[in-house]
Amino acid sequence: MRMQAMQRIPLFRGFQPKQQATPKIAGINYRRAVDAFQEAGFWVLREGVHVIMTDGTRILTIPSQNPVNALTMEGIVRDAGMSAEKFLQLL
């Protein structure tokens with residue numbers, strides 16, 4: 001009985017990396033990111049350690065560090081409801 005249960009377990013097929021459909025956003029200067037979001041219709045609410053921006057419905061928090069980590073920037077762009085391609089065009 002135990003042998004039958006083991007035969008039903010699928011074997012490990014190896015690691016297959018996910019295909020990246022969107023272009024990577026390299027670490028960029030936070031000021032360039034703020035300017036790009038302003039072109040997209042966002043405005044600055046306040047600045048400090050982070051820059052807080054909004055378009056009236058969404059709120060973005062951009063760290064005031066140079067450069068902004070690529071993964072962090074990708075998350076911010078996703079929160080803004082933009083594609084990476086659109087954001088890269090605004091830069």
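At a glance:
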item: Residue in segment 26-34 that is modelled with pLDDT under 95, surrounded by fewer than 12 Cβ atoms within 10 Å (Cβ to Cβ) and not hydrophobic (A, V, I, L, M, F, W, C) present; result: no
item: Subset of segment 38-58 that is closer than 12 Å to ALA80 by Cα and in contact with a helix residue (DSSP H, G or I) (Cβ under 8 Å, 6 or more places away or on another chain) - its residue that is surrounded by the fewest Cβ atoms within 10 Å (Cβ to Cβ); result: ARG58
item: ALA40 vs. criteria touching a strand residue (DSSP E or B) at 6+ places or on another chain (Cβ under 8 Å) and at pLDDT 90 or above; result: no
item: Residue satisfying all of: in segment 71-82; touching a residue at least 12 places away in the same chain (Cβ under 8 Å) and loosely packed, with under 13 Cβ neighbours inside 10 Å; farthest from GLY27 (Cα to Cα) among these; result: GLY81
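The values are calculated or read from the model by the stated rules, or taken from the named source; none is laboratory data. These numbers come from a predicted model, not from an experiment. Heads up, the Cβs are rebuilt from the backbone with ideal geometry, glycines too, and the neighbour counts pull from every protein chain shown.
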